[in-house]
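What follows is a short report on a single structure.
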Amino acid sequence: MKEFMFIFRLKDIGDFKPTAEQIQERLNWLAGIAAQNKLVDQGNTLSPFPGSAKTVRPGDVVTDGPYTEIKEFLVGYIIVRTETIDEAVEMAKENPIFKLGGNIEVREVIKRK
């Protein structure tokens, strides 16, 4: 089995405050993955608000936030275990973030041996 990280993004910072129903829908989605014994790390939520992040660049350059080059907000991640990336993609397709106009990047995790 391989591990894949789901990186969650939203286009509008206003969508970061989900309703109780939206939170429950996400928890149900996570519980379904956990019930299949495919949830490796339930991840964390990443704050998209000003002042919550810094970007460090060569030459001792530090800027506020990670948003200067992207038009989306990274809002969280999880790690799952599946046989193939296609299986991970199918799992990601069931996430309720799409109802908010968000998206999920699926990336294989390369483990150091």
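Every number here is computed from the coordinates shown, using simple stated rules; none is lab data. Model, not experiment: these values are computed from the prediction. For neighbour counting, all protein chains shown are included, and Cβ atoms are generated from backbone atoms with ideal geometry for every residue, glycine included.
Those residues that are at negative phi, surrounded by 12 or more Cβ atoms within 10 Å (Cβ to Cβ) and not hydroxyl-bearing (Ser, Thr, Tyr), I need them from segment 37-53; list them, please.
So the first thing to find is which residues in segment 37-53 are at negative phi, and the list is 38-42, 44-50, 52-53.
Those still in the list that are surrounded by 12 or more Cβ atoms within 10 Å (Cβ to Cβ) too: 38-42, 46-48, 53.
Lys38, Leu39, Val40, Asp41, Gln42, Leu46, Pro48, Ala53, listed by residue number.
In segment 1-17, the qualifying residues are those that are part of a strand (DSSP E or B) and among the basic types (Lys, Arg), and the one that is nearest to Met91 (Cα to Cα) is Lys2.
Residues in segment 88-106 that are farther than 20 Å from Gln36 by Cα, surrounded by 15 or more Cβ atoms within 10 Å (Cβ to Cβ) and not aliphatic (A, V, I, L, M): Gly102, Asn103.
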